Amino acid sequence: MERRIKRTMSRCTLCPRACAVDRSRGQNGICGQTETVKAARAGLHMWEEPCISGSRGSGAVFFSGCSLHCVFCQNHNIASGNAGYAVSIERLSEIFLELAEKGANNINLVTACQFVPQIIAALDRARARGLRLPVVYNTSGYEEAETIRMLDGYVDIYLPDLKYVDQAYSLKYSHAADYFEKASAAIGEMVKQIGEMTFTDEATKRERLLTAAYQERSGQGESLLMTRGVIVRHLLLPGALEDSKRVIAYLLETYGERIFISMMNQYTPLPHASAYPELMRRVCSEEYEALVEYALSLGIENGFIQEGETAQESFIPEFDGEGIFPEEDTEEEK
């Protein structure tokens, strides 16, 4: 595996940018990263879709860097590579196991394309030590299908975005004229790998024993957790309703009920997007309701919608190194 990592990193073409730099010698790819894995946070994340987060949370590892560089990026600090800490493959495998011990429903790899070979190595080590949780691959959708094929047998749930159909939007906001071409091919490979979606409607025996009393008092518990499947997310942008309709229509026509579609209204205008005045407002309720009504008119059944006021920065976690270092480490050692 070490040789495979070196070979891949020496002329990196993991993402569609195919910058082909030698990351093994410390050069930064267009993702902003070298061969060394870098991550900014690892913890229980409650803000994914209900079948991913459940009541205990998804074990999310937020990796540093990104190849897409959307002008409105909601995780700008880590996507730019400015936030994060170096993590060895061995330590990454320990992080996965620690998240499992904390009760995570799954291991959630957030923006991980630039470290796929290293993550595969870490998953092999963690599984050898007993990791049995489903693995979620959480991505912008801008992926090479060949890189997704590397993950066959390692990922149980794919959670990609499909941001745009219109090339004008993808070029303007993500500097990627080929976004739809690449994302649609990658999603096709994801669906091919996963096949039929599966869920669990009960906790494991150990979880039942530990939480039965609490569930009885509160009426809560883990129900309808996804164990295998594809959920495609689409974030409605201000003024881009017609392209959003094209996204929904494409997904329904292509995959029907083989996937879930998550329609999000949580777009938050942030200062780094100020050069694009049209993006400096939130999505209004009329725009989002029109998108939902359109999806319903097409007969959508497997879908998630967001209700109420969700466009708030509280959805953006603190990228402060939580969970990255062993608990016994001091702040000075970080």
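Quick notes on this structure:
- Helices (runs of 4 or more DSSP H) within region 79-154 that include 3 or more residues within 21 Å of CYS12 (Cα to Cα) and either without any contact (Cβ under 8 Å) to a residue 60 or more places away in the chain or under 17 Å from the mean Cα position of the chain (by Cα) (or both): 116-128, 145-150
- Candidate set from region 262-276 (those that are surrounded by 20 or more Cβ atoms within 10 Å (Cβ to Cβ) and polar (S, T, N, Q)); member that is nearest to GLU49 (Cα to Cα): SER262
- Applying the condition of being in a helix (DSSP H, G or I), among the aliphatic types (A, V, I, L, M) and surrounded by 15 or more Cβ atoms within 10 Å (Cβ to Cβ) to region 236-251 and asking which residue is farthest from the chain's Cα centre (by Cα) yields LEU241.
- Subset of region 306-334 (residues that are at pLDDT 95 or above and closer than 23 Å to GLU257 by Cβ): none
- All positions within region 21-35 that are in a loop (DSSP other than H, G, I, E, B) and small (Gly, Ala, Ser): GLY26, GLY29, GLY32
- Residues of region 252-261 classified as out of contact with any Leu (no Cβ under 6 Å at 6 or more places or on another chain) and either under 17 Å from GLN74 (Cβ atoms) or surrounded by fewer than 22 Cβ atoms within 10 Å (Cβ to Cβ) (or both), total: 6
- So GLU301, is it in contact with a helix residue (DSSP H, G or I) (Cβ under 9 Å, 6 or more places away or on another chain), of a type in the set (D, E, K, R) and in a loop (DSSP other than H, G, I, E, B): yes
- Any hit, region 18-38, residues being under 15 Å from THR147 (Cα atoms) and touching a Pro at 6+ places or on another chain (Cβ under 6 Å): no
- Enumeration of residues in region 145-198 that are of a type in the set (Phe, Trp, Tyr) and closer than 20 Å to LEU251 by Cβ: TYR158, TYR164, TYR169, TYR173, TYR179, PHE180
The values are calculated or read from the model by the stated rules, or taken from the named source; none is laboratory data. Keep in mind that this is a model prediction, so the values were computed, not measured. Glycine also receives a Cβ, built like all others from the backbone with ideal geometry; neighbour counts cover every protein chain displayed.
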